[in-house]
1. Quick one: putting +1 on the C-beta of Lys and Arg, -1 on the C-beta of Asp and Glu, what dipole do you get for the range 143-278 around its Cα centre, in Debye to the nearest 20?
2. Along the three principal axes, how long is the range 8-106 when you take its alpha carbons, biggest first, rounded to the nearest angstrom?
3. I need the shape label for the range 43-92. Rule: rounded when a/c is under 1.5, else prolate if a/b > b/c, else oblate, with a, b, c from the alpha carbon gyration tensor.
4. Just for the chain, what percent of DSSP beta bridges are antiparallel, to the closest 5?
5. Can you give me the Cα centroid spacing of the range 214-229 and the range 132-174 in angstrom?
6. I need Asp236, Asp91 ordered by Cβ neighbour count within 10 Å, fewest first.
7. Rounded, prolate or oblate: which fits the range 204-278 when a ≥ b ≥ c are the square roots of the eigenvalues of the alpha-carbon gyration tensor, with rounded for a/c under 1.5 and prolate only if a/b beats b/c?
8. Taking the beta-carbon count within 10 Å as an exposure proxy, list Leu15, Leu5, Leu274 from fewest neighbours to most.
Amino acid sequence: MAGMLYLVPTPIGNLGDISQRCRETLEQADFIAAEDTRVTLKLLNHLGIKKSLVSYYEHNKTFKGEQIVERILSGETCALVSDAGSPAISDPGEDLVKQCAAAGITVCAIPGPCAVITALSISGQSTGRFCFEGFLSTAKKSRREHLESLKEERRTMVFYEAPHKLTATLADMVQTFGPDRSVSLCRELTKLHEEVIRSTLAQALEQYTAQPPKGEFVLVVAGAPAPEKPETEPADAEARLRELLDAGMSRKDAVKQTAQELKLPKNTVYELALNIPE
Ligand code: SAM
């Protein structure tokens, strides 16, 4: 019988955030696939768990993925972890999940620490609708193209960013989204120096140009404001009045209904109605 793949999230800063279920899964798995085995070994030592580790990272993921799939098909259970946070979210693992799904292997994702959700929750931005944009490219042209494609995006946007690229990214965002767009810079989440700076793109750029950024960042950027509703032209109101009058409605009711429908003051519509012969 085939085994299973478990996706095990690990703390993004605070070791206390590992859940009981994650511990048990790491203990019970036949082996652990880890992004950096040295990082995972530290976590396992902290948890008092001894387990066989295989490395699975960006540059070996194709052939290591095949080996892992083989082992699972032969009955072993694998727990996949990344260096921090939820595996497969801007982390190696996405391809392994695809490979396992294609091989008919059951994949179980354990909920837990994830930088996107932690940042979004604390950001103070609208959370009803959001899109996760991951890391922007290091190449200026593709970074600009990516941002340009989001110019009209109305949902809150979440980006991962490395500190050494932060000011370049903020400068590009100022150009694309405008200097006054609201942004929450969520830094070192769950760690000792956790900080959330809620400001505008231009202010954030000024601050981090003066004082180079340190630590891990998630940027939560407000979506584009809704386009302003075009003002109702008097001609629209007059046309609607005529329609209602032609349909046999009384002058008083036609004024009332037009004012309601077009959200205009009743007096304004009444004035327009005076131009229409009885
Ligand atoms: N899979 C992980 C997750 O979803 O939580 C993310 C891995 S990704 C390679 C690493 C990025 O996540 C960092 O560059 C940073 O943008 C963000 N990140 C991770 N831990 C963070 C923390 N404690 N505070 C702020 N951002 C963090």
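Here, each number is a calculation from the coordinates, and none is a lab measurement. Source: prediction; values computed, not measured. Virtual Cβ from ideal backbone geometry, glycine too; neighbours counted across all protein chains shown.
1. On the way: 19 positive and 23 negative charges, 77 e Å.
The dipole of the range 143-278 has a size of about 360 debye.
2. 35, 26, 20
3. Values: a/c = 2.07, a/b = 1.17, b/c = 1.77.
Oblate is the answer for the range 43-92, as a/c is 1.5 or above yet b/c matches or exceeds a/b.
4. Numbers: 17 of 36 bridges.
If we restrict to bridges inside the chain, about 45 percent are antiparallel.
5. Value for the Cα centre distance between the two parts: 10 Å.
6. On the way: Asp236 15, Asp91 19.
Lowest to highest Cβ neighbour count: Asp236, Asp91.
7. Numbers: a/c = 6.20, a/b = 4.65, b/c = 1.34.
Prolate, since a/c reaches 1.5 and a/b exceeds b/c.
8. Values: Leu15 12, Leu5 27, Leu274 8.
Ascending number of Cβ neighbours within 10 Å: Leu274, Leu15, Leu5.
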